[in-house]
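A short worksheet on the structure shown next.
The values are calculated or read from the model by the stated rules, or taken from the named source; none is laboratory data. Not measured: the values here are computed from a predicted model. Using ideal geometry, Cβ is built from the backbone for each residue, glycine included, and neighbour counts are taken over all protein chains shown. Heavy atoms of the whole protein, side chains included, go into the accessibility calculation; ligands, DNA and RNA do not. Shrake-Rupley method; radii C 1.70, N 1.55, O 1.52, S 1.80 Å.
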Amino acid sequence: MTNSIAVFCGSAFGADSIFLETAQNVGKTIAQQGKTLVYGGGRSGLMGVIADNALKEGGKVVGVIPEILVNKEFAHPNLTELHIVNNMQERKLKMSELSDGFIALPGGVGTFEEIFEQWTWAQLGIHLKPCAFLNVDGFYDDLIKFLEKSTEKGFTHPRFMQSLIHDSSIEKVMNQMDHFIAPEPKWGMVEKVQTEN
Ligand code: AMP
């Protein structure tokens, strides 16, 4: 069960209103399902929209922001918890530890970096948590095709591709996350993870 969900998304609003509307709905849905939103802690772009909408619905919202971005991304003043960390690496580690799963909404290279890092950590057995793309209006179609090509060409193992959740509906994404069964990590690292936890 995913009780807390990390959402990665653009620090911009994007060019079409559907991105903003989706971010509003994602914040609202996470709160209505009684889950905690974990996110980058700022008020800029889609990030701020998700947090505002989760808070408006009475949801719990936890932000994790590095000190250098407190002013640039306008740290949100009304969160349930705000963790101020030393750098980007600590942000990603903290967000990963605080979350039971990860969703990327449309965004730019920062968003891609964050979700891909969590997906690679899942492949290595650093955690066994689900990773998902919310494929709003076909935004991620080309990326998913490219990942399928990487699978066909023998670079991404099919079990990791199959474990990647992608759907245009936030409800369906969250439902798949709740029923997620982690694939066996690379290099037989699953035993290590299971005995350590
Ligand atoms: P973008 O999708 O490019 O708008 O980036 C979204 C947000 O991701 C940025 O505003 C940062 O807060 C965050 N971000 C970007 N790069 C990194 C990184 N290397 N590590 C952690 N967070 C990042």
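Some values worked out for this structure:
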{"quantity": "Lone qualifier among 61, 26 - being closer than 15 Å to residue 99 by Cβ and in contact (Cβ under 8 Å) with a residue 60 or more places away in the chain", "calculated": "26"}
{"quantity": "Which listed residue is under 20 Å from residue 112 (Cβ atoms), open to solvent by less than 60 Å² (accessible area, probe 1.4 Å) and at pLDDT below 95, from 11, 44", "calculated": "44"}
{"quantity": "Meets criteria (part of a loop (DSSP other than H, G, I, E, B) and within 10 Å of the ligand (Cβ to nearest atom)) for residue 92", "calculated": "no"}
{"quantity": "The range 53-81, residues that are part of a loop (DSSP other than H, G, I, E, B) and farther than 22 Å from residue 24 by Cβ", "calculated": "70, 71, 72"}
{"quantity": "Pairs with Cβ under 6 Å, 6+ apart, first in the range 100-117 and near the ligand (Cβ under 7 Å from one of its atoms), second part of a strand (DSSP E or B)", "calculated": "111/8; 111/104; 114/8"}
{"quantity": "Residues within the range 110-134 that are closer than 13 Å to residue 8 by Cα and of a type outside the set (D, E, K, R), tallied", "calculated": "11"}
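For every residue, the table says whether it meets (1) out of contact with any Lys or Arg (no Cβ under 7 Å at 6 or more places or on another chain); (2) buried (at least 20 other Cβ atoms within 10 Å of the Cβ); (3) within 20 Å of residue 185 (Cβ to Cβ); (4) modelled with pLDDT of 95 or more.
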residue: 52; (1), (2), (3), (4): yes, no, no, yes
residue: 58; (1), (2), (3), (4): yes, no, no, yes
residue: 64; (1), (2), (3), (4): no, yes, no, yes
residue: 74; (1), (2), (3), (4): no, no, no, no
residue: 92; (1), (2), (3), (4): yes, yes, yes, yes
residue: 106; (1), (2), (3), (4): yes, yes, no, yes
residue: 111; (1), (2), (3), (4): yes, yes, no, yes
residue: 116; (1), (2), (3), (4): yes, no, yes, yes
